[in-house]
Structure formats: C-alpha cells, structure tokens
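Enquirer: Could you have a look at this structure, given as structure tokens, before my questions?
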Amino acid sequence: MDIHTKKMIAPVIIVTLIVLYYIGFFILCMCIPMPPALKLLLGLVPLLLAGVSIYVLVERIKEIRSGEEDDISKY
C-alpha cells in the first residue's frame, strides 16, 4: 500500500458515513407524514449536502494524488 492510498482511507470512510447518514435522513423524511412541499424541502437538503460531500472528496483525492496536500507549507 503506497502513501497516497493510506492518506485517502480516512476521507473516504468519513464521507461514506456522512452520505449514509444523509440518505437515512432523506428516507426518514419521506416516511414521516407531512405536506409534500415540506417533504421536498427537508428531503432535498440532505441529498444536496451528500452531493457536496462527494464533490469535496473527489477534489481531496485529486489533491492527494497530485502531491499538493500541504498547501499551507507554501506560506
């Protein structure tokens, strides 16, 4: 296992847990009886947050692979 793979393990695990939590929250919102507009609002927010989390994970993986994970050391 190379050093880049080791640095990617924690972000992938954390984002996976966060996305599973958001999907569970979405399913819970869809099961609770409430007006459809409120269901859409409360259900859409977790899905958007899951999407943003995945986007940030992809950017982090690109950063790790390029070897620029220590940007702060440039300053």
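The values are calculated or read from the model by the stated rules, or taken from the named source; none is laboratory data. Since the model is a prediction, treat every value here as computed from it, not as a measurement. Heads up, the Cβs are rebuilt from the backbone with ideal geometry, glycines too, and the neighbour counts pull from every protein chain shown.
Enquirer: Those residues that are modelled with pLDDT of 90 or more and over 19 Å from VAL56 (Cβ atoms), I need them from segment 1-26; list them, please.
Expert: Answer for segment 1-26, where residues must be modelled with pLDDT of 90 or more and over 19 Å from VAL56 (Cβ atoms): just GLY24.
Enquirer: With the checklist (1) in a loop (DSSP other than H, G, I, E, B); (2) under 30 Å from ILE3 (Cα atoms); (3) of a type outside the set (S, T, N, Q) in hand, flag the one item LYS62 doesn't pass.
Expert: Of everything listed in (1) in a loop (DSSP other than H, G, I, E, B); (2) under 30 Å from ILE3 (Cα atoms); (3) of a type outside the set (S, T, N, Q), LYS62 misses just condition (1).
Enquirer: Quick one: what pairs do we get from segment 42-66, first residue under 15 Å from PRO11 (Cβ atoms) and in contact (Cβ under 8 Å) with a residue 60 or more places away in the chain, second among the hydrophobic types (A, V, I, L, M, F, W, C) and in a helix (DSSP H, G or I), C-beta under 7 Å, 6+ apart or different chains?
Expert: Correct list of pairs: ILE64/MET8.
Enquirer: Please go through segment 29-39 and give me each residue that is assigned to a helix (DSSP H, G or I), in contact with a helix residue (DSSP H, G or I) (Cβ under 9 Å, 6 or more places away or on another chain) and of a type outside the set (D, E, K, R), ordered by number.
Expert: First, pick out the residues of segment 29-39 that are assigned to a helix (DSSP H, G or I): 29-31, 36-39.
With in contact with a helix residue (DSSP H, G or I) (Cβ under 9 Å, 6 or more places away or on another chain) added as a condition, the list becomes 29-30, 38-39.
Passing the criteria: CYS29, MET30, LEU38.
Enquirer: Here's something else I'd like to know. Give segment 12-49 a look and list any residue that's surrounded by 15 or more Cβ atoms within 10 Å (Cβ to Cβ) and not aliphatic (A, V, I, L, M), or say none.
Expert: Selection gives TYR22, PHE25, PHE26, CYS29, LYS39, GLY43, PRO46.
Enquirer: Moving to a separate point now. Cβ-Cβ under 6 Å, sequence separation 6+ or interchain: first residue in segment 11-22 and closer than 11 Å to ILE54 by Cα, partner assigned to a helix (DSSP H, G or I) and not hydroxyl-bearing (Ser, Thr, Tyr). Which pairs?
Expert: PRO11/LEU57; PRO11/ARG60; VAL15/LEU57; VAL19/ALA50
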